[in-house]
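J.: Here it is, the structure in full.
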Amino acid sequence: MSIKIRTSIYLASIVIAGLILRIQGLFHTLEYDEIWTLQTFLDQSLRRIFSDFDLPNNHPLNTVAVCLAYFGKECAWTVRLGAFFASLGTIIAGYFLGRRLAGRQTGFLTALALAILPAFTAQGYTARGYSGQLLLLLLTALFLLKSRKI
């Protein structure tokens, strides 16, 4: 089996492990700040979402994801979909950043840590902006490194 196929299988396995760990928490009762985000920002304009930072808990991209993904009280868990998918993206971005910095093994260890460590799994099933911020940070670092041709 070629190294690319093995790499893809290993990375897919890590992402699936992360997916399983995050799905467990996806359907828990909404937390206070998730409810607050729904009550405060769901009916706001994009202009207010991106300009009103006086209110706590306004992570603009997360708020937009909440507004796009929320299907109503019957499916309250959908408020978490933006964070869920961003969190899975961090696993993949972490792999590529680790590989870029120190090789394939470091990439796998980084992806594994992002997939299974409790702090990272929890931010993948709660509607907060942390997983989106981490994804943007990892992508920024990756693109900066790529632009330097390291």
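J.: Per residue, how much accessible surface does the chain expose to a 1.4 Å probe? Answer in Å², no decimals.
T.: Here the per-residue accessible area is 58 Å².
J.: Sticking with the crude label model, points 7 Å out along Cα→Cβ, report the distance from Leu19 to Val64 in nm, one decimal please.
T.: Reported label-point gap for Leu19 and Val64 is 2.6 nm.
J.: Please list, in order, the residues from the stretch 84-101 whose amide nitrogen is less than 16 Å from a point placed 7 Å along the Cα→Cβ vector of Leu145.
T.: 90-101
J.: Quote the relative contact order of the stretch 56-150 in percent (integer), defining contacts as alpha-carbon pairs under 8 Å separated by 6+ residues.
T.: 33 percent.
J.: Let me ask something else about it. At 25 °C and 0.890 mPa s, grab the translational diffusion coefficient of the stretch 19-92 from Stokes-Einstein with a Kirkwood Rh over Cα pairs, rounded to a whole number in µm² per second.
T.: Estimated via Stokes-Einstein, D reaches 190 µm²/s.
J.: If I take R0 = 25 Å and measure r between the Cβ atoms of Gln39 and Cys75 in this structure, what FRET efficiency does the formula 1/(1 + (r/R0)^6) give, to the nearest 0.05?
T.: Working from the Cβ atoms, E equals 0.90.
J.: Moving to a separate point now. What number, in percent, do you get for the relative contact order of the stretch 1-118 if the mean sequence gap of Cα pairs under 8 Å and at least 6 apart is divided by its residue count?
T.: For the stretch 1-118, the relative contact order is 30 percent.
J.: With axes computed from alpha carbons, what is the tilt in degrees of helix 81-102 against the longest principal axis of the chain, rounded to the nearest 10 within 0 to 90?
T.: 30
J.: On full extension of the chain, what length is gained from Leu46 through Leu137, given 0.36 nm per residue of separation minus the C-alpha to C-alpha distance?
T.: 30.5 nm
J.: Okay, moving on. Suppose only helical runs count, i.e. DSSP H with n ≥ 4. What mean residue ellipticity at 222 nm does that imply for the chain under -39500 (n - 2.57) per run, divided by all residues and rounded to the nearest 500 deg cm²/dmol?
T.: Helix contribution divided over all residues of the chain: -23500 deg cm²/dmol.
J.: Regarding the chain, what is the average projected area of its C-alpha convex hull, in nm²?
T.: It is 10.3 nm².
J.: Follow-up. Determine the gain in length on full extension of the stretch Thr29-Leu101; use 0.36 nm per residue of separation and subtract their C-alpha separation, reporting nm with one decimal.
T.: 22.0 nm
The values are calculated or read from the model by the stated rules, or taken from the named source; none is laboratory data. In this text, all values refer to a predicted model and were calculated from it rather than measured experimentally. Because the Cβ atoms are built from the backbone with ideal geometry, glycine has one as well, and the counts that use them run over all protein chains shown. Just the protein is used for accessible areas: all its heavy atoms, side chains included, with ligands, DNA and RNA removed. Shrake-Rupley method; radii C 1.70, N 1.55, O 1.52, S 1.80 Å.
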